[in-house]
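What follows draws every value from the coordinates through simple rules; no lab data is involved. In this text the structure is predicted, and so the values were computed from the model without any measurement. Virtual Cβ from ideal backbone geometry, glycine too; neighbours counted across all protein chains shown.
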Amino acid sequence: MPDALVDEVALCGPRERIRDRLSAYKEAGVTTLICGTSQPEAVRLMAELVL
């Protein structure tokens, strides 16, 4: 799978990068996210940035 595709469809990286990508998703009209992780800190981060 090309890195560019992963970059377009996955939220990964530092907090600032995830925040910026979420903003881009919102501007593009995305209203639903599917989140899957086994890392509690990732769940907390998504809750902070999305809610």
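A quick yes/no check of all residues on (1) over 9 Å from the mean Cα position of the chain (by Cα); (2) surrounded by 12 or more Cβ atoms within 10 Å (Cβ to Cβ):
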site: Val6; (1), (2): yes, no
site: Val9; (1), (2): no, no
site: Ile18; (1), (2): no, yes
site: Ala24; (1), (2): yes, no
site: Ala28; (1), (2): yes, no
site: Gly36; (1), (2): yes, no
site: Pro40; (1), (2): yes, no
site: Met46; (1), (2): no, yes
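Got at least one residue in segment 27-46 being free of Cβ contacts under 8 Å to residues at least 12 places away in the same chain, in contact with a Leu (Cβ under 8 Å, 6 or more places away or on another chain) and of a type in the set (D, E, K, R)? Among the residues of segment 27-46, not one is free of Cβ contacts under 8 Å to residues at least 12 places away in the same chain, in contact with a Leu (Cβ under 8 Å, 6 or more places away or on another chain) and of a type in the set (D, E, K, R), which makes the answer no.
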